[in-house]
Structure formats: C-alpha cells, structure tokens
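The values are calculated or read from the model by the stated rules, or taken from the named source; none is laboratory data. Computed from a predicted model, the values in this text were never measured in an experiment. Here Cβ is always computed from backbone atoms with ideal geometry, including for glycine, and neighbour counts include all displayed protein chains. Areas reflect the complete protein model, heavy atoms only, side chains present, ligands, DNA and RNA absent. Shrake-Rupley method; radii C 1.70, N 1.55, O 1.52, S 1.80 Å.
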Amino acid sequence: MDLEASAGTIVSIIGPNGSGKTTFFNCISGLYRPTAGRVLLEGADMVGLRPDQIVAAGIARTFQTIRLFPEMTVVENVLVGMHTKTKEGWLGAALRTATFNAEEKRAAERAIELLGFFGENLLPRQHDLARNLSYANQRRLEIVRAMATGAAVLLLDEPAAGMNPKETSELMADIVRLKELGRTVLLIEHDMVVIATISDHVIALDHGCKIAEGSFDEVRHNPQVLEAYLGRGAAGTAGDSVVRA
Ligand SMILES: Nc1ncnc2c1ncn2[C@@H]1O[C@H](COP(=O)(O)OP(=O)(O)OP(=O)(O)O)[C@@H](O)[C@H]1O
Ligand SMILES: [Mg+2]
C-alpha cells in the first residue's frame, strides 16, 4: 500500500469490508505501529510517534465507530481536541494563572467558532451532552474535534455512515469546504456517490493491498476493483455496479 496526498486535496480510499481501510488509518495515526514502511508528513516520519504526537505534528482523525466523550458537553469535546494547542500545563491549571485563564477563554471562543463550521447543527447544542446528539451531529462533532487540533491533515473514517441522504449531501459540501480552507482530507467512505462527487483522487484496497488508483471513473472501471466488489466472474458486468455497491 502506498499513497501520496497533496496539500489541499481530497484523497479517498475505497474497498470492500475488511480490506484494510481502517487498519491503514490506524497505522497513519499511530494506533498501530506498522511492521514496515514510512508515514511521511512533509518529509517527517510519523512511525514510532505516539498518537498524540502525530496529532500535534498535524494529522487528526475521526473514527468509524464514534468515539466522543459521551458524558461531556459538545463544547467540552471540542476543547479536548484543542488540548494539544494550549501551552499552559497542569501547573498553570492548578494555580489558575492569568495566562491559563486567558488561554482558556480564547480556547472556548475558538471552540464556538469551530462549531459554527456546521452552521446551526451544533451551535445551539453546544451545552448538550454529546450522547444526546443525533447520530449525524455526533459525526459532525467528531470532525470539529479533529479540526480543533489544528491538524492540516484530517482522516475521516466513514463520516457519512448512518446519515440520511440530505445529511450526506450537506456533509459532501462540508468536506469540500474543509479542502477550501486548506485542509488535506483522506476519506474512507462506502457511499460511492460521496466518493464520486468530491474525491480528487481515489485509491482502491483489497486484502490490504492497493489494487487501483486514479480518478473515480478510472478506478470504478478497473477489472480488479470490480472483482473485489463483486467476486470473480462478475467483472464482465457493467462498471456502474461499483456505484451501486
Ligand atoms: N492488528 C491486526 N492484526 C491482524 N489483523 C487485523 C488487525 N487489525 C485488523 N485486522 C484485520 O484486518 C482486516 C481489515 O480490517 P479493517 O478494519 O482495516 O477493514 P476495513 O477496510 O476498514 O473494513 P470496513 O469497511 O468493514 O470498515 C480485518 O479482517 C481485520 O479483522
Ligand atoms: Mg473500516
């Protein structure tokens, strides 16, 4: 497996269930330590760094299975994401120094600003507990928390999972806005309409290996990709099948 993502692009990773997409994200984000290979962020190797160090270096993620702090409020979840950015340590917190208080105020303002990325979806719910949010809003909050780290690269693992068609189409526009704000997005998604609409580049995985890459049209007509999705012998059928897969 190898891929290169240029700054400010959306690179999508597709592949059947169990093909290794999430595992790939786990390797990039430091949850797994790859047995071989490198993960370069502007030339610096991330392999061997702790997940929090990788976030600080500029790669943040969301999870396929939502991992918010359910008993914390929406805004508190965002503040957790910003934790790597605040300079004053535990001593400052304990003594509640002026620097600490000023920093905390700035962080809270910034958190509200970030929640505004999703318009009126999250702002009115900033003091709700995360567990009381709708599924779509929980997914949005995970994205905001990743944005809050200030990371240039965002790894989104099936952000549209569980969203209805309206929410999904809003999400597509939101991800494009992330790119317009200069973020680089690696996107795992099963919804092929999402992949087809917003990807700059698509990588297809099967059994942990890259089997195709290119534009969505190039990838979806690739015989190996059709075979991976439909099984051997089915590759002769229309390439449109991947869109419906
Ligand atoms: N550390 C590991 N060691 C060995 N096998 C693993 C490890 N982690 C995951 N796997 C296996 O690797 C395969 C790929 O899993 P992964 O979760 O990356 O797939 P995926 O492409 O994200 O699938 P899905 O679309 O269902 O989310 C699965 O069969 C999984 O059980
Ligand atoms: Mg997965």
Can you give the angle from 0 to 90° between the axis of helix 165-180 and the longest principal axis of the chain, with both taken from C-alpha atoms, to the nearest 10? 70 degrees
Angle between the Cα long axis of helix 135-148 and the longest principal axis of the chain, 0 to 90 degrees, nearest 10? 70 degrees
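Per-residue counts of other Cβ atoms within 10 Å, averaged by peptide: what ranking do you get for 179-192, 106-119, highest first?
On the way: 179-192: 18.3, 106-119: 16.2.
Peptide ranking by packing, descending: 179-192, 106-119.
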Computed P(r) (all Cα pairs; the stretch 71-149; 5 Å bins; percent): 3, 17, 27, 22, 14, 10, 5, 1
What accessible area per residue comes out for the chain, rounded to a whole number of Å², with a 1.4 Å probe? 50 Å²
Using a 10 Å cut-off on Cβ atoms, rank the peptides 158-170, 124-136 from the highest mean neighbour count down. 158-170, 124-136
Length-normalised contact order for the stretch 92-162 - Cα pairs under 8 Å, 6+ apart - percent: 24 percent
For the stretch 88-191, what does the convex hull of the Cα positions come to per residue, in cubic angstrom? 119 Å³
Separation of alpha-carbon centers, the stretch 15-76 and the stretch 156-230, rounded to whole Å: 18 Å
What's the FRET efficiency of LEU3 with LEU31 using the Cβ-Cβ distance as r and R₀ = 22 Å, to the nearest 0.05? 0.75
So which chymotrypsin sites (Phe, Trp or Tyr not before Pro) in the stretch 19-74 end up in coil per DSSP with only 16 or fewer other C-beta atoms within 10 Å? TYR32
Within the accessible area of the chain, what % is carbon and sulfur when the probe is 1.4 Å and the other protein chains stay in place? 53 percent
If the chain between ARG177 and TYR135 were fully extended at 0.36 nm per residue, the gain over the current Cα-Cα distance would be 13.0 nm
Dipole of the stretch 71-149, Cα-centred, from +1 at each Lys and Arg C-beta and -1 at each Asp and Glu C-beta, to the nearest 20 debye? 120 debye
Over the chain, what number does the Rg to Rh ratio reach, with both radii from the alpha-carbon atoms and Rh per Kirkwood? 1.01
